[in-house]
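Here is the structure we will look at.
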Amino acid sequence: MSVFGRIIDKYKETYYIPPQELDDFAETNRIHLLVVSPLLFLFGILDLLAIILLHHSELGNYVTSLVYFGAFTIVSLFSCLYSKTIKEGKKKGRGLIVAKNVPFYILMFFSFGAGLYNFYILGQHFNGVMATFLTGFLSLFLFSFSPLPFFVGITASTALMAPGILESFGLTGLADTILVSILMFCLSLYKRRTEKKHLLLLNKQKNHLEVKTFGNFTIIYEGKVVHFSRTKSNELMGYLVYKNGTSVNTKELISVLWGDRADSTRYGSSFRNLIVDIKHTLAELEIQNFFIAEYNNFRINPEAIKCDYYDFLAGKPNSLDSFAGEFMSQFSWAEDVAGFLEMKVMGES
């Protein structure tokens with residue numbers, strides 16, 4: 001095998017994560033984009049308004065700036081709306097994972113391009129370099145991604161700006177830029193390596209954490225039933241398991257637990273107590289990365305558990321036979337799901 005082939009194999013062994021194992025990270029990217037994109041959209045709108053209000057009599061001189069911030073608002077709005085609509089759709093499995101990650105990669109590469117636009121078209125060298133670095137570090141802190149496309153983006157941006165950086169900031173400035181770019185790439189490798197180790201630990205935990213949904217809903221850890229202090233904590237977890245890793249906001253959960261007319265004003269305190277109960281119970285048992293709370297959205301990580309319902313959906317051998325017509329039978333909202341599963345069994349027969 002060639003040296004290049006050995007390098008590729010070593011990279012895959014250390015950093016590569018199969019796409020089918022990235023669903024949890026993809027959902028995190030989607031949720032984070034729902035927070036980051038509106039902020040970037042607001043930033044673009046405010047800058048556009050500032051230019052229009054301050055320079056309305058000479059807008060012809062600010063076309064390049066209007067294009068820059070106009071494109072920024074459009075891409076940010078697209079990222080937000082697409083991330084919101086992709087929550088549930090026709091795509092499943094790998095297709096859904098790719099769809100959830102698409103807006104992040106678009107926004108990341110657009111932001112790298114925005115740094116170059118700032119640098120060369122607007123002639124703002126410092127702002128161009130800062131935009132590139134902010135893109136890199138925000139991506140590292142908030143999102144999960146493959147190091148290779150990140151490497152392409154940061155390397156291309158640095159290489160294209162290098163002559164201008166040398167001219168404006170001297171050799172020291174160029175050296176600092178290259179060093180920061182190398183540091184960001186190394187951090188992306190470290191981040192991906194950490195994520196891969198995390199998945200390996202989850203796979204070990206999965207052998208001990210099981211969720212049964214056919215019949216009564218039950219969580220079993222190391223052969224013992226997990227008991228929460230509050231009855232509705234169990235129902236909340238059951239609904240999140242049914243949602244199969246999709247994030248659910250507080251309003252929807254309160255509606256499920258206390259009825260369609262329930263609102264967060266009246267039941268907000270009770271709901272927060274359920275969240276505390278769930279977190280405390282799972283923490284005491286040292287169950288990790290199963291229940292996830294992000295920006296007032298809640299979900300479970302399907303990769304952290306064994307579950308008869310998930311085996312059923314995946315069409316695994318004998319999974320259809322294990323369904324006897326009951327699905328989380330202690331919860332009224334689960335009756336419709338049981339009907340759907342029965343129809344699926346009849347269709348497979």
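The values are calculated or read from the model by the stated rules, or taken from the named source; none is laboratory data. Just so you know, these numbers come straight off a predicted model, no measurement behind them. Note: ideal-geometry Cβ built from the backbone for every residue, glycine included; neighbour counts use all protein chains shown. Surface areas here come from the heavy atoms of the whole protein model, side chains and all, with no ligands, DNA or RNA. Shrake-Rupley method; radii C 1.70, N 1.55, O 1.52, S 1.80 Å.
If a/c stays under 1.5 just call it rounded; otherwise compare a/b with b/c (prolate if a/b is bigger, oblate if not). Do that for the range 129-264, with a ≥ b ≥ c from the square roots of the Cα gyration tensor eigenvalues.
Values: a/c = 4.75, a/b = 2.41, b/c = 1.97.
Verdict is prolate for the range 129-264.
Of all the accessible heavy-atom surface of the chain, with the other protein chains kept in place and a 1.4 Å probe, what percent is carbon and sulfur?
Working: 11420 of 18750 Å².
About 61 percent, which is the carbon plus sulfur part of the accessible surface.
Ordered from largest to smallest accessible area (heavy atoms of protein chains, 1.4 Å probe), the residues Met343, Met184 come out as Met343, Met184.
For the range 158-233, the ratio of Cα radius of gyration to the globular rule of thumb 2.2 N^0.38 Å stands at 2.20.
Rolling a 1.4 angstrom probe over the protein heavy atoms with all chains in place gives the chain an accessible area of 54 Å² per residue.
Compared with the dominant Cα axis of the chain, that is its longest principal axis, helix 23-54 is turned about 40°.
Kindly provide log₁₀ I(q)/I(0) values, in the same order as q = 0.14, 0.21 Å⁻¹, from the Debye equation applied to equal alpha-carbon scatterers of the range 256-329. Cα-only, vacuum Debye calculation for the range 256-329: -0.69, -1.05. Hey, how many Å between the Cα centroid of the range 168-221 and the Cα centroid of the range 59-79? The distance from the Cα centre of the range 168-221 to that of the range 59-79 comes to 33 Å. About the centre of its Cα atoms, the chain shows a dipole size close to 340 debye [charges on the beta carbon of Lys, Arg (+1) and Asp, Glu (-1) only; nearest 20 debye]. When you count the other C-beta atoms within 10 angstrom of each residue and take the mean per peptide, 300-313, 121-134 line up highest first as 300-313, 121-134. Put simply, when 233-244, 42-53 are sorted by average Cβ atoms within 10 angstrom per residue, most first, you get 233-244, 42-53. Volume per residue of the convex hull around the Cα atoms, evaluated for the range 191-247, comes out as 116 Å³.
Once you wrap a convex hull around the alpha carbon atoms of the range 26-118, what is its projected area averaged over all directions, in nm²? Numbers along the way, then the final one.
Details: hull surface 25.1 nm².
Across all orientations, the range 26-118 yields a mean hull projection of 6.3 nm².
If you wrap the Cα atoms of the chain in a convex hull and average its projected area over all directions, you get 24.0 nm².
If packing is taken as the average number of other Cβ atoms within 10 Å across a peptide's residues, how do 206-219, 251-264 rank, most packed first?
Numbers: 206-219: 18.2, 251-264: 15.2.
In descending order of packing, they fall as 206-219, 251-264.
Compute the orientation-averaged projected area for the range 62-158 from the convex hull of its Cα atoms and round it to one decimal in nm².
Working: hull surface 26.6 nm².
For the Cα atoms of the range 62-158, the hull's average projected area reads 6.6 nm².
Determine the equivalent ellipsoid of the range 188-307 by diagonalising the alpha-carbon gyration tensor, then write out the semi-axes as square roots of 5 times the eigenvalues, largest first, rounded to whole Å.
Numbers: eigenvalues 132, 63, 31 Å².
Equivalent ellipsoid semi-axes, largest first: 26, 18, 12 Å.
Computed from Cα atoms, the angle from the helix 63-85 axis to the main principal axis of the chain rounds to 10 degrees.
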